[in-house]
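Notes to accompany the following structure.
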Amino acid sequence: MAMENLKAELVVVGGGGAGLAAALGAAENGCRDIIVLEKAGSAAGSTAMAHDIFGAESPVQKRSGVEASRDELFKTAMEWAHWTRINPRIVRAFIDKSGDTIGWLENKGLRFELIQYYPNQVPLVRHSVKGHGHALMKTLRDNCLQQGVKILTRTPGKNILRNEKGGIAGVVAQAKDGEFTIAAPRVIITTGGYGNNKEMLKKYCANYHDTITYDGPPSNTGDGIRMATEIGAATAGLGTVNLHGPFIKPRSDSHWMKMDAEGPDGSQIRISLWFLAWEPAMLWVNKRGRRFIDEGYNLAFFAFGNAVALQPDGIVYTLFDSDNLRRIEKQGLVRPGAASRANWLPVSAATPLPGLEREVHKQADKGDLKISGSWDEIAGWMGADPAVLKATIEEYNISCDDKHDALFAKDRRHLLPLRTPPFYAVKGHIGLCDAYGGIRINEKMEALDAEDNPIPGLYAAGSTAGCWESESYCYRLTGHLVGFALNSGRIAGENAARYLSK
């Protein structure tokens, strides 16, 4: 049976974190007859995969005595972006709303813990959600349903309709049995980014390689950007990608190794081979055997994506020797990466990892790790010139002996030579969280045309909107991707409700 045409006060196209926050924000401000269209089988989106939410001057921070000034964090965001590519009014609106949103979620039953993302991070802005993204999305869904919001899954939006006066008239949606129309004077587009659209990635993203793997939901294909531009919306910020890693390809459970130790919860500690690749004492080279980065310049793995993407084919090899591996086994990781339980309960840095060397050797037959007593053999496995690789290692070892990295000024604490066989090489690539930018918006999350005039009744929020993210992920504002989704969604929903009330 085909869906009948419907009427609503508001249609939200996309049922992820931004979409449900928008629907709930509108409902709590008096909007009724709200319909959420979701392409996938459940309302989840990228937010369901999240761990953290950015917040400034939140109730959690205030109770903990953490000073997280909105003014200072706004300055951090703008200095990170060098005042380019992003609209400061949008950034300000998001940061100013962020603390209130943490309190808003707490009032709905969610609980948060402030944790560091990288060593010595100040201030603590990372609000780790108890239950992670699953709990967050369940809370949003439950509250939407309690408010009478209708969520239609497996029902993507196809087109947005405008009336003869230029305002929004509704949405054409696709159900299993055919298309139907929802007449509505307000539409909020929250369809996520376009990380799963290779054509758009190749068109807009300069550092895109086919070796980059997409880590987000398959539904992020840029549908909302297409729908908005078809009715005259302008675009902004296209080409921003959130790269992270390096990772092993494919990222599968087969690379997780079980240690002979228990975590704080009593379950067995696990570590993936790629966490060794992130350690600052390792040596990184490209496929030609040349070093290209200070491997310890920042211990947040979002920091490395752009540098690796610039290398040939976007490939990196992490090199280390037996002394380094055995040191990690006895002393633990510098950057927290081990975990206990399948749902990712982090284990502190400097936790011994007994059994690590044994388990690493078990990974040698899986194609991403080479163990050898000869750097020439490892160079052959990499496809590099052995003379180039050996020169790189010799230069690095001299820097370690001198306790001074004359090339990239690496912290002397992380300068450890590679001289004790067997030697190890791990092949890595970069992962893509999502690609951002698209619909041009203002600080009210209103969609704009080419003259920067609001399109009456059209809003956009989350990753499908542009000019809120700089050219690379600002890890100092840890959790701001989910934070922007929730806060921009709330702002869009509240403004849509206010417009209707007028």
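The values are calculated or read from the model by the stated rules, or taken from the named source; none is laboratory data. Source: prediction; values computed, not measured. Positions of Cβ are backbone-derived with ideal geometry, glycine not excepted, and every protein chain shown enters the neighbour counts.
Restricted to segment 81-119, and to residues that are closer than 19 Å to T464 by Cβ and basic (K, R), which residue is surrounded by the fewest Cβ atoms within 10 Å (Cβ to Cβ)?
It comes out as R89.
Among (1) in contact with a strand residue (DSSP E or B) (Cβ under 9 Å, 6 or more places away or on another chain); (2) in contact (Cβ under 8 Å) with a residue 12 or more places away in the chain, which single condition is P119 missing?
Among (1) in contact with a strand residue (DSSP E or B) (Cβ under 9 Å, 6 or more places away or on another chain); (2) in contact (Cβ under 8 Å) with a residue 12 or more places away in the chain, the lone unmet condition for P119 is (1).
When you go through (1) at pLDDT below 95; (2) surrounded by 19 or more Cβ atoms within 10 Å (Cβ to Cβ); (3) among the acidic types (D, E) one by one for D411, which number turns out not to apply?
Here D411 meets the rest and fails (2).
Please enumerate the residues belonging to segment 1-39 that are part of a loop (DSSP other than H, G, I, E, B), within 25 Å of G178 (Cβ to Cβ) and in contact with a strand residue (DSSP E or B) (Cβ under 6 Å, 6 or more places away or on another chain).
A2, M3, N5, A8, G15
Being surrounded by 18 or more Cβ atoms within 10 Å (Cβ to Cβ) and either more than 24 Å from R63 (Cα to Cα) or hydroxyl-bearing (S, T, Y) (or both) is the requirement here; does M137 meet it?
In short, yes.
Does L310 satisfy the condition of being modelled with pLDDT of 85 or more and surrounded by 21 or more Cβ atoms within 10 Å (Cβ to Cβ)? Lay out the reasoning, then the answer.
Details: modelled with pLDDT of 85 or more: yes; surrounded by 21 or more Cβ atoms within 10 Å (Cβ to Cβ): no.
No: the conditions fail for L310.
Which helices (runs of 4 or more DSSP H) does segment 69-162 wholly contain that include 3 or more residues that are in contact with a helix residue (DSSP H, G or I) (Cβ under 9 Å, 6 or more places away or on another chain), in the same structural domain as I189 (by TED's automatic domain parsing) and small (G, A, S)? Step through it out loud before you land on a result.
Working: elements: 70-81, 88-106, 132-146.
Once the helices (runs of 4 or more DSSP H) in segment 69-162 are filtered for at least 3 residues that are in contact with a helix residue (DSSP H, G or I) (Cβ under 9 Å, 6 or more places away or on another chain), in the same structural domain as I189 (by TED's automatic domain parsing) and small (G, A, S), what remains is 88-106.
Tell me which residues, restricted to segment 313-332, are crowded, with 16+ Cβ neighbours inside 10 Å, more than 18 Å from Q363 (Cα to Cα) and free of Cβ contacts under 8 Å to residues at least 40 places away in the same chain.
The answer is G332, and nothing else.
Inside segment 32-73, can you point out the residues that are acidic (D, E), buried (at least 17 other Cβ atoms within 10 Å of the Cβ) and farther than 22 Å from K444 by Cα?
Of segment 32-73, the ones acidic (D, E) are 33, 38, 52, 57, 67, 71-72.
Now restrict to residues that are buried (at least 17 other Cβ atoms within 10 Å of the Cβ): 38, 52, 57.
Once the filter is applied, which keeps residues that are acidic (D, E), buried (at least 17 other Cβ atoms within 10 Å of the Cβ) and farther than 22 Å from K444 by Cα, segment 32-73 yields E38, D52.
Every residue, every condition in (1) farther than 16 Å from N242 by Cβ; (2) without any contact (Cβ under 8 Å) to a residue 12 or more places away in the chain; (3) assigned to a strand (DSSP E or B), yes or no:
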residue	(1), (2), (3)
V172	yes, no, yes
P185	yes, no, no
G193	no, no, no
M200	no, no, no
Y208	no, no, no
T211	yes, no, no
G216	no, no, no
S219	yes, no, no
G224	yes, no, no
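Does segment 417-430 include one or more residues that are part of a helix (DSSP H, G or I) and either in the same structural domain as H255 (by TED's automatic domain parsing) or within 22 Å of A364 (Cβ to Cβ) (or both)? Steps first, please.
First, pick out the residues of segment 417-430 that are part of a helix (DSSP H, G or I): none.
Looking through segment 417-430, none of the residues is part of a helix (DSSP H, G or I) and either in the same structural domain as H255 (by TED's automatic domain parsing) or within 22 Å of A364 (Cβ to Cβ) (or both).
If we keep just the residues of segment 247-261 that are modelled with pLDDT under 85 and assigned to a strand (DSSP E or B), which is farthest from K427 (Cα to Cα)?
Here is the first cut: in segment 247-261, the ones modelled with pLDDT under 85 are 247-256.
Then keep just the ones that are assigned to a strand (DSSP E or B); that gives 247, 256.
Details: F247: 8, W256: 16 Å.
Among those residues, the one meeting the criterion is W256.
Can you tell me how many residues within segment 40-68 are in a loop (DSSP other than H, G, I, E, B) and closer than 21 Å to D142 by Cβ? If you could, list the steps in order and put the result at the bottom.
We begin by selecting, within segment 40-68, every residue in a loop (DSSP other than H, G, I, E, B); these are 40-45, 50-51, 55-58, 65-68.
If we keep only those that are closer than 21 Å to D142 by Cβ as well, we get 40-45, 50-51.
The number of residues fulfilling the criteria is 8.
For D452, only one of the following conditions fails: (1) within 19 Å of the chain's Cα centre (by Cα); (2) of a type in the set (D, E, K, R); (3) in a loop (DSSP other than H, G, I, E, B); (4) surrounded by fewer than 21 Cβ atoms within 10 Å (Cβ to Cβ). What is its number?
Going through (1) within 19 Å of the chain's Cα centre (by Cα); (2) of a type in the set (D, E, K, R); (3) in a loop (DSSP other than H, G, I, E, B); (4) surrounded by fewer than 21 Cβ atoms within 10 Å (Cβ to Cβ) one by one, D452 breaks only (1).
Can you tell me how many residues within segment 332-368 are in a helix (DSSP H, G or I), acidic (D, E) and either at pLDDT below 90 or touching a helix residue (DSSP H, G or I) at 6+ places or on another chain (Cβ under 8 Å) (or both)?
The first filter runs over segment 332-368 and keeps only residues in a helix (DSSP H, G or I), leaving 356-366.
Remaining after also requiring acidic (D, E): 357, 359, 365.
So of that shortlist, the ones also either at pLDDT below 90 or touching a helix residue (DSSP H, G or I) at 6+ places or on another chain (Cβ under 8 Å) (or both) come out as 357, 365.
Result for segment 332-368: 2.
I'd like to verify a number: residues in segment 7-31 that are surrounded by fewer than 24 Cβ atoms within 10 Å (Cβ to Cβ) and either out of contact with any helix residue (DSSP H, G or I) (no Cβ under 9 Å at 6 or more places or on another chain) or polar (S, T, N, Q) (or both), how many? Can you show your working first?
Initially, segment 7-31 is screened for residues surrounded by fewer than 24 Cβ atoms within 10 Å (Cβ to Cβ), giving 7-9, 27-30.
Going one step further and asking which of them are either out of contact with any helix residue (DSSP H, G or I) (no Cβ under 9 Å at 6 or more places or on another chain) or polar (S, T, N, Q) (or both), we end up with 7-8, 29.
Qualifying residue count, segment 7-31: 3.
So, Y473, is that one in contact with a helix residue (DSSP H, G or I) (Cβ under 7 Å, 6 or more places away or on another chain), surrounded by 24 or more Cβ atoms within 10 Å (Cβ to Cβ), at pLDDT below 95 and aromatic (F, W, Y) or not?
On the way: in contact with a helix residue (DSSP H, G or I) (Cβ under 7 Å, 6 or more places away or on another chain): yes; surrounded by 24 or more Cβ atoms within 10 Å (Cβ to Cβ): yes; at pLDDT below 95: yes; aromatic (F, W, Y): yes.
Judged against the criteria, Y473 is a match.
Please work out which residue is farthest from K427 (Cα to Cα), limiting yourself to segment 373-413 and to residues that are in contact with a strand residue (DSSP E or B) (Cβ under 6 Å, 6 or more places away or on another chain) and of a type outside the set (F, W, Y).
Per the stated criteria, the residue is T392.
Which residues, counting only those in segment 422-454, are among the aliphatic types (A, V, I, L, M) and under 19 Å from R490 (Cα atoms)? Before the answer, list the steps.
Keep residues of segment 422-454 that are among the aliphatic types (A, V, I, L, M), which gives 425-426, 430, 432, 435, 439, 441, 445, 447-448, 450.
I439, I441, M445, A447, L448 - these are the residues of segment 422-454 that are among the aliphatic types (A, V, I, L, M) and under 19 Å from R490 (Cα atoms).
Would you point out the residue of segment 293-307, among those that are modelled with pLDDT under 85 and either surrounded by fewer than 17 Cβ atoms within 10 Å (Cβ to Cβ) or of a type outside the set (F, W, Y) (or both), that is farthest from T213 (Cα to Cα)?
Among residues in segment 293-307 that are modelled with pLDDT under 85 and either surrounded by fewer than 17 Cβ atoms within 10 Å (Cβ to Cβ) or of a type outside the set (F, W, Y) (or both), the one farthest from T213 (Cα to Cα) is Y297.
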